[in-house]
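**Student:** Supplied in structure tokens, the structure appears directly below.
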Amino acid sequence: MESSMAGRTPATATTPLTSSRRPARTRWWVSAAALLALSAAPGCSLLTGRKGADPDGQAGVADLLQPPEVPDLIREAAAPRGLNPIHVTGVGLVNSLPGTGGPADPSPYRDQLIEEMRRNDVKKPEEILEASSNSIVRVRATVPPGAKRGDPIDLQIDAPPGSNATNLQGGWLLDTRMRLQQVIQGRVRKGDVLALGTGSVLTRAAFQGDDDPRHNGQALVLGGGRVQSTRKLGFVIRPEYQHVKVSSDIAAAINRRFFFFDGTTRRGVAKAVEDDYVELELHPRYEGALGRYVAVVRAIGISERKANDQARLQDLSDRLKDPASASDAALQLEALGESAVPTLVAAVQSENPELRFYAAEALGFLGRREAIAPLEDAIANESAFRYPALTVLEGLDHPGVVDALTRLFDQPSIETRYGAFTTLRRRSDASRVLSPTEIGTATRLYRIESQAPPAVVVSTREVPEVVIFGEPAPVKIEKFLFGPGGMIIKPEQPGKVRISRFQVGEKDRRAVVDSTIQGLIEGIVAVGGGYGDVIAVLRNAKSEGFIVDQFAIDPLPKALRTYHREEGSLQEDDDSVSESETDPSEEPEFFDRFIGSGV
């Protein structure tokens, strides 16, 4: 009989989380004190309802002051709060368009933008919106849970009805303020500014084609947003456990496990704010792994005596050997901290790949080098574990991680190679291996040594980058290749191509470059092209057969895959070029996650 382990997601509170929590200020102990004072009055017993009755006098108050008996784990007494994404919106202006912009028709978006421009002392905003080099756009972004002030986020923009813009390619989004907006009782309510955004525009047409004209008016600004307010996290204590002592005990339990230490001072990550709420800070080791962090905190034992006793360790060790309970057992062992390391180190020797992965995952978040080898093996051989294993390695502070990620560049799977690359790029020690070439201001180019078949990867997330694995074959353009914005590419002499660009009102530009992937990119930028032009040309060259090696757009490992224990993992055949990699029109997710209805 087949059994399966579905991908895990952190539990979230069901209460709306669109604003900072403001717990009720009425304290239970205020009422208790009042009752205690009244009950002390001569000849009176409010608690029994009878004058002079109840010789004990204070029994009811004592019961009220008595804290409830707490359960073993935090997750049984409290629920996390602040794990929802916050979707923010704004209206902005894209300029530097080659005559493909406005003028914008009267609309609520136009009115909102003019109001914003006047508020910021912009002269003659109406005239600016009439220029064909400008376009009004809607701007959307998602502020993820755990985000800190200054964190970069991607922006999604589109030209709304009435903008009269035909193409946003080559444009630049000017500074835009984004707020949480909600419709309450039929009226649009705006919150504080939660994100600011600006940057170069990358249209959907650049990597999905312009067969649909709407693609020219939908775009991204990679990493162009900046979070303006740090998001708060915390735990809401369930009603039956709401008590100042329970709140304090939960905070103390968390702080025994997680704390900051600056060399002289130790400070915990949790603070009991109310009798029903504990505020939580993200521990640096779990940067990029908020879901795991919350799950581990939930698995912390409240009682210090019960949390680390040998009977519990033995029970978790036994459960770690059973695939049905191993995932949660590893989580609870991770929550114990250093005392669980011997148990987890022994478990990574298991012949069962699932059990080995769970133990290695927990060890990795505990900062142990013993996790590196089994995690590397899981990334290379099991697609269901690839995403969480890379997440662990991103935050594991050990030089062996860089070596492991570098070895993964030789794997045949482009998903594995690019996943290892992005994980390494985010690390502070990436410079040991990665040395990008800045091509103008348009993009970064990375050359990665690899024994696997050559491949070219472009990104539509976080940063504009082109990654070349191995040594791709030369680009063989037979007669000509058209690019966006009046660009024509023709073969020149052997090993060279000529790139020309003709635009109305602009001086003609030409460049002769090597007929390689890098040469092609450098030539496109030399004639005034941007990152979107680079992607569009590479995409067209691949579809015409001028690029013979693998070409992929965002071939990243996917979260929440299912591991099937009896039949192996859910394989997605990522070792070969799939349609979504060679034909960007099939790229999954894209504007389904970006463009939708709303204010």
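**Student:** May I ask you to derive the FRET efficiency for D315 and K148 from their Cβ-Cβ distance with R0 = 35 Å, giving the value to the nearest 0.05? Show your work: numbers first, answer last.
**Tutor:** Values: r = 38 Å, r/R0 = 1.07.
Taking R0 as 35 Å, the efficiency between D315 and K148 is 0.40.
**Student:** Okay, moving on. Out of the DSSP beta bridges found with both residues in the stretch 437-553, what percent are antiparallel (nearest 5)?
**Tutor:** That works out to approximately 70 percent antiparallel.
**Student:** Per residue, what accessible area does the stretch 232-303 have, given a 1.4 Å probe and all protein chains present, in Å²? Each step should come with its number before you reach the end.
**Tutor:** On the way: 3060 Å² over 72 residues.
Here the per-residue accessible area is 43 Å².
**Student:** Next question, about the same structure. Under a 1.4 angstrom probe, counting protein chains only, how are V236, V348 ranked by accessible area, largest first?
**Tutor:** Heavy-atom accessible area, descending, gives V236, V348.
**Student:** Kindly report, to the nearest 10 Å², the accessible surface of F482 as traced by a 1.4 Å probe over protein heavy atoms only.
**Tutor:** 120
**Student:** Let me ask something additional. Using 7 Å Cα-to-Cβ label points, what is the D514/K124 separation (nm, one decimal)?
**Tutor:** Inter-label distance under the simple model: 4.9 nm.
**Student:** Here is a further query. May I ask you to give the percent of accessible area on the stretch 86-227 that is carbon plus sulfur, with a probe radius of 1.4 Å?
**Tutor:** 49
**Student:** If each of D403 and D322 carries a label point 7 Å out from its Cα toward its Cβ, how far apart are those two points in nm?
**Tutor:** 3.9
**Student:** Using the heavy atoms of the protein chains alone and a 1.4 angstrom probe, what is the accessible area of the stretch 437-553 per residue in square angstrom?
**Tutor:** The answer is 46 Å² per residue.
**Student:** Put one equal scatterer on each alpha carbon of the stretch 437-553, apply the Debye formula with no solvent term, and list log10 I(q)/I(0) at q = 0.19, 0.20, 0.21 1/Å to two decimals.
**Tutor:** So the normalised log intensities are -0.98, -1.09, -1.21.
**Student:** Same structure again: Which of the pairs K271/K321; K123/K507; K245/K306; K190/K232; K190/K271 have their Cα atoms more than 27 Å apart in this structure? Working shown, then result.
**Tutor:** Numbers: K271/K321 36 Å; K123/K507 30 Å; K245/K306 17 Å; K190/K232 20 Å; K190/K271 30 Å.
The pairs that break the limit, which is 27 Å between Cα atoms, are K271/K321; K123/K507; K190/K271.
**Student:** Can you pull the three principal axis extents for the Cα set of the stretch 232-303, in Å, largest first?
**Tutor:** Each principal axis gives a Cα extent; for the stretch 232-303 these are 37, 28, 23 Å.
**Student:** With r defined as the distance between the Cβ atoms of E506 and L196 and R0 fixed at 35 Å, what FRET efficiency is calculated, to the nearest 0.05?
**Tutor:** On the way: r = 31 Å, r/R0 = 0.88.
Efficiency at R0 = 35 Å is approximately 0.70.
**Student:** Continuing with this model, one more query. How much net charge surrounds G486 when only the other residues with a Cβ under 13 Å from the Cβ of G486 are counted, with Lys and Arg +1 and Asp and Glu -1?
**Tutor:** Local net charge: +1.
**Student:** Assuming 0.36 nm per residue, please report the length gained on full extension of the stretch K476 to E76 beyond their Cα-Cα distance. Before the final figure, lay out each step's value.
**Tutor:** On the way: separation 400, 0.36 × 400 = 144.00 nm, distance 6.33 nm.
Here the segment from K476 to E76 would lengthen by 137.7 nm.
**Student:** Lysines near K476 by alpha-carbon distance under 20 Å, same-chain residues fewer than 8 away left out - which ones?
**Tutor:** Counting by Cα, and skipping residues close in sequence, K476 has these lysines nearby: K490, K496, K542.
**Student:** Moving on to the next point. Distance from the Cα centre of the stretch 133-166 to that of the stretch 517-555, in angstrom?
**Tutor:** So the separation of the two Cα centres works out to 25 Å.
**Student:** On to the next question. Test of understanding: what is the full-extension gain from R256 to S133, defined as 0.36 nm times their sequence separation minus their Cα-Cα distance?
**Tutor:** 38.4 nm
**Student:** For the stretch 232-303, which whole-number percentage of the solvent-accessible area (1.4 Å probe, protein heavy atoms only) is attributable to carbon and sulfur atoms? Mind showing how you got there, number by number?
**Tutor:** Working: 1540 of 3060 Å².
Carbon with sulfur: 50 percent of the solvent-accessible area.
**Student:** Could you give the length gained by full extension between N352 and E287, i.e. 0.36 nm per residue of separation minus their alpha carbon distance, to one decimal place?
**Tutor:** Contour length minus Cα-Cα distance gives 20.5 nm.
**Student:** Between E462 and Q181, what is the label-to-label distance in nm when each label sits 7 Å out along the Cα-to-Cβ direction?
**Tutor:** Between E462 and Q181, the simple spin-label model gives 3.0 nm.
The values are calculated or read from the model by the stated rules, or taken from the named source; none is laboratory data. The structure presented is a predicted model; accordingly, all values stated were derived computationally and were not measured. Quick reminder, even Gly has a Cβ in these numbers, built from the backbone with ideal geometry, and neighbours come from all protein chains shown. Please note that ligands, DNA and RNA were not included when accessible areas were found on the heavy atoms of the full protein model with its side chains. Shrake-Rupley method; radii C 1.70, N 1.55, O 1.52, S 1.80 Å.
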